[in-house]
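S.K.: This is the structure I want to talk about, given as structure tokens.
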Amino acid sequence: MLTIKKIPTPGYHTVLEATDPEHNFHCFVAIHDCTLGPSLGGLRIYPYENKEDALKDALRLAKAMTYKSAICEDGLGGGKSVIISHKDYSEATKELHLQIFARVLDSLKGQYIAAEDIGTSPEDMEVLRKITPYVAALCSEHSSGDPSRFTAWGVLRGIHASAQHMWDSSDLRGKKIFIQGLGHVGAKLAQFLFWEGADLILTDTNPTRLHREAMLTGAKTVAPEDFASVDCDIFAPCAMGGVINEETIDKFQCKIIAGGANNQLANGELGNELKKRGILYAPDFIINSGGIINAAAEFNPGGYHPVESRERVNKIYDTLLEVFAMSESEGKATSVVADTLAEYKLKHEIGKRVHPIHFGVALQ
Ligand code: NAI
């Protein structure tokens, strides 16, 4: 039987834990803030070691989504959900879990809208959509599809802005760029950078993926555990969060960290440490906002149009240049400047949703 219980969490709008022991189902939904609109964020399916780790991840990611949406003024709040998977997680179990999760999602009546994340795909969103309308980024017509091509493009524009700020030129020819993680975002970024003439270095814990992307781009490869000490100009983290931490910070040899992963800093102080070391950090929730910008476009009164999304994603370049300039003039870390900007927009309700979203009904 499905049980849904609220976990009172200071600073958060709503946090739910849902369990169905008979089907080995355990999930958390964290809604951080709905000041600017209903919350939107990915559904992550991941083999967390324990439920505390899963909840912590959902809370951190939901807060980052609030900041991300505030910065891009998309009229959405921040939320995230996680399902704990396990070893031998079959496609059949995943489908069953998605169907159970859809009921949890439906119970929130549109305060949280799910999209894909690590471990889920646009096809999985179709499974949810049969049971509840509170889903975005589907592969069907009128929906915005896989967000990762917009995320990857936004990361490329963010790398351009970072290079422009650091070297007075966004030309990436011959620049040594190291990508960690070659999934939906990282593999597309590798392709874009290949055509820009970058000298690529790649890593992934999945050897097949690593080999394929290295073959396609003529890149060098490194072992995943050596990621922090790779000799490169730009490090683009595109796998899990927390890669900038107390252990790795002294090993980095790059001049720029600019990649798609969420929550790259293990703690806020590390942003200051990067600045002290002369490493330019492109705040994660700005550089990787292409996906949310595209998904949010589904709710435009005039309907979704990819060209509009592309133009908005291109603005990541200008936003980052502004953040870098403010970081220099105010002597603050780029991560601190980005947080302050997002908090200002939240406080003054800049970009708040004007037209309510009409979700329609479940498709089944
Ligand atoms: P994905 O699951 O498609 O790809 C992740 C890749 O990283 C996989 O190839 C995996 O094998 C690899 N990986 C995992 N741990 C690793 C490690 N320790 N070292 C090296 N490689 C490792 O995920 P996706 O969608 O590409 O997302 C990547 C990151 O970007 C995540 O942090 C995600 O939250 C973030 N993000 C993704 C967006 C999207 O549109 N897909 C939007 C915004 C952020």
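S.K.: Starting from residues that are assigned to a helix (DSSP H, G or I) and without any contact (Cβ under 8 Å) to a residue 40 or more places away in the chain, keep the ones in the range 28-56 and report whichever is surrounded by the most Cβ atoms within 10 Å (Cβ to Cβ).
M.R.: To start, the set of residues in the range 28-56 that are assigned to a helix (DSSP H, G or I) comprises 51-56.
Next, from what is left, pick out any that are without any contact (Cβ under 8 Å) to a residue 40 or more places away in the chain: 51-54, 56.
On the way: 51: 15, 52: 9, 53: 13, 54: 21, 56: 15.
Out of the qualifying residues, it is 54.
S.K.: Continuing with this model, one more query. Taking the residues in the range 83-139 that are in a strand (DSSP E or B) and at pLDDT 95 or above as candidates, determine which candidate is farthest from residue 55 (Cα to Cα).
M.R.: 135
S.K.: Scanning for something within 28 Å of residue 338 (Cα to Cα), of a type outside the set (Gly, Ala, Ser) and within 11 Å of the ligand (Cβ to nearest atom), does the range 249-259 turn up at least one residue? Quick ask: steps written out before the conclusion?
M.R.: Taking the range 249-259 first, the residues within 28 Å of residue 338 (Cα to Cα) are 249-259.
Those left that are additionally of a type outside the set (Gly, Ala, Ser): 249-257.
Restricting the remaining residues to those that are within 11 Å of the ligand (Cβ to nearest atom) gives none.
No - not one qualifying residue is present in the range 249-259.
S.K.: Considering only residues that are touching a residue at least 60 places away in the same chain (Cβ under 8 Å) and part of a helix (DSSP H, G or I), which ones fall in the range 58-82?
M.R.: 60, 61, 64, 65, 66, 67, 68, 69, 70, 71, 72
S.K.: Among the numbered criteria (1) in contact (Cβ under 8 Å) with a residue 40 or more places away in the chain; (2) more than 11 Å from the ligand (Cβ to nearest atom), which one does residue 244 miss?
M.R.: All conditions pass for residue 244, except number (1).
S.K.: Something else now. Could you check, for the range 109-125, whether at least one of its residues is open to solvent by 10 Å² or more (accessible area, probe 1.4 Å) and either more than 22 Å from the chain's Cα centre (by Cα) or of a type in the set (Lys, Arg) (or both)?
M.R.: Yes, some residue in the range 109-125 is open to solvent by 10 Å² or more (accessible area, probe 1.4 Å) and either more than 22 Å from the chain's Cα centre (by Cα) or of a type in the set (Lys, Arg) (or both).
S.K.: For residue 117, state whether it is of a type in the set (Asp, Glu) and within 23 Å of residue 347 (Cβ to Cβ).
M.R.: Details: of a type in the set (Asp, Glu): yes; within 23 Å of residue 347 (Cβ to Cβ): no.
For residue 117, the condition - of a type in the set (Asp, Glu) and within 23 Å of residue 347 (Cβ to Cβ) - is not met.
S.K.: Shifting gears a bit: Filter the range 150-183 for residues that are within 16 Å of the ligand (Cβ to nearest atom) and either touching a strand residue (DSSP E or B) at 6+ places or on another chain (Cβ under 8 Å) or open to solvent by less than 10 Å² (accessible area, probe 1.4 Å) (or both) and give the result.
M.R.: 152, 154, 155, 156, 158, 159, 177, 178, 179, 180, 181, 182
Results for (1) within 25 Å of residue 147 (Cα to Cα); (2) open to solvent by 60 Å² or more (accessible area, probe 1.4 Å); (3) of a type in the set (A, V, I, L, M, F, W, C), shown as yes or no for each residue.
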{"site": "193", "(1), (2), (3)": "yes, no, yes"}
{"site": "209", "(1), (2), (3)": "yes, yes, no"}
{"site": "220", "(1), (2), (3)": "no, yes, no"}
{"site": "225", "(1), (2), (3)": "no, yes, no"}
{"site": "241", "(1), (2), (3)": "yes, no, no"}
{"site": "249", "(1), (2), (3)": "no, no, yes"}
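S.K.: Further question: Report, ordered by the first and then the second residue, all pairs with beta carbons closer than 7 Å, sequence separation of six or more or different chains, a first member in the range 212-227 that is without any contact (Cβ under 8 Å) to a residue 24 or more places away in the chain, and a second member that is open to solvent by 40 Å² or more (accessible area, probe 1.4 Å) and more than 10 Å from the ligand (Cβ to nearest atom).
M.R.: 214/221
S.K.: Could you check the range 262-364 for helices (runs of 4 or more DSSP H) lying wholly inside it with 1 or more residues that are farther than 18 Å from residue 70 by Cα and either open to solvent by less than 30 Å² (accessible area, probe 1.4 Å) or within 16 Å of the ligand (Cβ to nearest atom) (or both)?
M.R.: 269-276, 306-314, 316-330
S.K.: Any chance you could count how many residues in the range 184-201 are among the aliphatic types (A, V, I, L, M) and within 14 Å of the ligand (Cβ to nearest atom)? Don't jump to the end; show me each part of the working.
M.R.: Start the filter on the range 184-201 by keeping residues that are among the aliphatic types (A, V, I, L, M), which leaves 185, 187, 189-190, 193, 198, 200-201.
Still in the list and also within 14 Å of the ligand (Cβ to nearest atom): 185, 187, 189-190, 201.
The number of residues fulfilling the criteria is 5.
S.K.: Name the residues in the range 110-149 that are without any contact (Cβ under 8 Å) to a residue 24 or more places away in the chain and away from the ligand (no atom under 16 Å from the Cβ), would you?
M.R.: 126, 140, 141
The values are calculated or read from the model by the stated rules, or taken from the named source; none is laboratory data. These figures come from a predicted structure and were not determined experimentally. Every residue, glycine among them, receives a Cβ derived from its backbone with ideal geometry; neighbour counts consider all protein chains shown. The area values use the complete protein model at the heavy-atom level, side chains included, leaving out ligands, DNA and RNA. Shrake-Rupley method; radii C 1.70, N 1.55, O 1.52, S 1.80 Å.
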